[in-house]
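What follows draws every value from the coordinates through simple rules; no lab data is involved. Everything numeric in this text was worked out from a predicted model, so none of it was measured. Backbone-built Cβ (ideal geometry, glycine too); neighbour counts: all protein chains shown.
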Amino acid sequence: MSLLPVAEAQERLLSSTRAITETETVPLTQAGGRMLAGDLVARMTQPPFNASAMDGYALRSADAPEPGAVLTVIGTSSAGHGFGRSVGPGQAVRIFTGAPVPDGADAVLIQEDAERREDGSLVTKFPVTLGRHIRPRGQDFAEGEAVLTDGTRLDFGRLTLAAATNHAELTAYRRPRVAILATGDELVSPGGAPGPDQIIGSNSFGIATLARDCGADIIDLGIVGDDRALIAAQVERARAARADILVTLGGASVGDHDLVQETLKSVGMVLDFWRIAMRPGKPLMVGSLDDMHVLGLPGNPVSSMVCALLFLEPMLLKMTRQPTLSRVSEAVTGIDLPANDKRQDYLRAQLSRAPDGRLVVTSFGKQDSSMMKIFAGSDCLIIRPAEAPALKKGQPCPILLLRPFEG
């Protein structure tokens, strides 16, 4: 099988990815970050009454068109404790922010514009206009109004609105379930005691974090050695858990110790493609097992992270109805870059800002796919397309942002 170009691989993968249609009802406390299923209709009107926007005095605007009007204060209206009676001619009610405006009153005079006499009466110091400092009933939303639409992501502001409409629970689309399986006799979990020929398995933690950031739930299948039966058992766990995506780490090639692909085929996986014309990340594997997507990422940490950004993240965004995350930008290279070969390169690099405001990108000298410290210290990846000509310092080149750059 020939190497598949990155863009074609992405297109094929996403063409078989569908948005999740299953829904579930969740309490507000668990709804943050979820995608709303169906329009959200308000169960009440907000504000439910004419409310004061300021501390001051509720009165009739006709009684105080000019400064110097004298009014009798007949009571108090505070938040949660309305006055309960009407305001008549020549009368006013002490009122506080958020409190109901009494019947008969049509304006609020702020307390700084009022003077209280020793006898308790009120003298106005500012003209009063109709509706001043009153939040009318229903100004925010009305009962029966659709305040959020289907597919809206419930961030902090939208969740606050949903709560204000008197919904204790929300109907949301189910989160994608991503099962993650790391393979290899050489791997030991963090905190363990690696033998003389072993290393710490780290990839699954980065992959899980990326998937969660996209709105997925994680099924951690742990680490298994290079054993077909053990791998097959964990694949069955993923199927039993109804995973939408099985992500395997390592072992997807065809070497003597690369058992993942053959094991998956033996339990029914249909291989779509593998081996991508990219560096790092060539041994990427894509297939399906019944309704479960299979995404076999390389074992080298940087390779798996780069592939996750290019393939797993777009899948999850599509499954969760989120807009495509545009990580591609442009900068000028800070050093000369040689011509590229037949594979698309992703070079770890740092960004800086030139005096003229342009972004300048400088790649690290070492690009070995096992070097996570360089990846963690990178702001972006320089994208070097297949057969790209050499670039001189100062020429533009595309980059893939790993995180927002604020320099």
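Restricting the GluC sites (Glu not before Pro) of region 1-98 to loop positions (DSSP other than H, G, I, E, B) with no more than 10 neighbouring Cβ atoms within 10 Å leaves E22. Charges were assigned to the Cβ only: +1 to each Lys and Arg, -1 to each Asp and Glu. The resulting dipole of region 328-401 about its Cα centre is roughly 120 debye. Here the residues M371, M278, ranked from fewest to most Cβ neighbours within 10 Å of their Cβ, fall in the order M371, M278. Of all DSSP-defined beta bridges confined to the chain, some 65% are antiparallel rather than parallel.
With R₀ fixed at 56 Å, the C-beta to C-beta distance from A62 to E330 puts the FRET efficiency at about 0.30.
For the chain, compute Rg over Rh where Rg is the Cα radius of gyration and Rh is the Kirkwood radius from the inverse mean 1/r over Cα pairs. Rounded to two decimals, Rg/Rh equals 1.21. The magnitude of the dipole of the chain, with charges of +1 and -1 set on the Cβ of Lys/Arg and Asp/Glu and taken from the Cα centre, is near 480 debye. Charging the Cβ of each Asp and Glu at -1 and of each Lys and Arg at +1, and nothing else, the dipole of region 51-135 about its Cα centre rounds to 200 debye. Counting only the Cα atoms, region 51-135 fills a convex hull of 70 Å³ per residue. Take the alpha-carbon centre of region 317-337, take the same for region 359-404, and report the distance between them in whole Å. Between the Cα centres of region 317-337 and region 359-404 lies a distance of 12 Å.
Positive-end ranking of P385, T21, I199 along the dipole of the chain, with charges on Cβ about the Cα centre, is headed by P385. Each residue of region 117-131 was assigned a 3J(HN,Hα) from its phi angle through the Karplus expression (A = 6.51, B = -1.76, C = 1.60, θ = phi - 60°), giving 8, 4, 7, x, 6, 10, 10, 7, 10, 8, x, 9, 10, 4, x Hz with x at Gly and Pro.
What the phi angles of region 317-322 give under the Karplus curve with 6.51, -1.76 and 1.60, with θ = phi - 60°, is a coupling list of 5, 5, 4, 9, 6, 8 Hz, glycine and proline written as x. A straight line joining the Cα centroids of region 122-147 and region 62-94 runs 15 Å. Between region 275-292 and region 186-257, how far is it from one alpha carbon centroid to the other, in angstrom? For region 275-292 versus region 186-257, the Cα centre distance is 15 Å. Per the Debye formula with a single identical scatterer at each Cα and no solvent contribution, what log10 I(q)/I(0) holds for region 328-401 at q = 0.21, 0.23 Å⁻¹? Taken in order of the listed q values, log10 I(q)/I(0) reads -0.88, -1.05.
Against the chain, whose longest principal axis comes from its Cα atoms, helix 228-240 is set at around 20 degrees. Listed by chain and number, the lysines whose alpha-carbon sits under 24 Å from that of K373, ignoring those within fewer than 8 places in the same chain, are K282. As a calculated quantity, the FRET efficiency between D150 and R12 at R0 = 35 Å, using C-beta atoms, amounts to about 0.80.
Computed FRET efficiency, Cβ-Cβ of T23 and D103, R0 51 Å: what is it to the nearest 0.05? After rounding, the FRET efficiency stands at 0.70.
Taking every DSSP helix (H) stretch of at least 4 residues in the chain, weighting each as -39,500 (n - 2.57) and dividing the sum by the residue count yields a mean residue ellipticity at 222 nm of -4500 deg cm²/dmol.
Of the trypsin sites (Lys or Arg not before Pro) in region 305-349, the ones in a loop by DSSP (not H, G, I, E or B) with at most 11 other beta carbons within 10 Å are K342.
Taking label points 7 Å from Cα along the Cα-to-Cβ direction, K342 and K393 give a separation of 3.4 nm. Residues whose amide H comes within less than 5 Å of that of I95, counting only those at least five positions distant or on another chain, are G56, Y57, A58, S77 (H built at 1.01 Å from N in the peptide plane).
Once Lys and Arg get +1 and Asp and Glu get -1 on their Cβ, which of L400, L309, A211 lies farthest toward the positive end of the dipole of the chain? Toward the positive end, the furthest listed residue is L400.
A Stokes-Einstein calculation at 25 °C with viscosity 0.890 mPa s, built on the Kirkwood radius of region 183-312 over Cα pairs, returns a diffusion coefficient of 166 µm²/s.
One compactness figure for region 282-407 is 1.14, namely its Cα radius of gyration divided by 2.2 N^0.38 Å.
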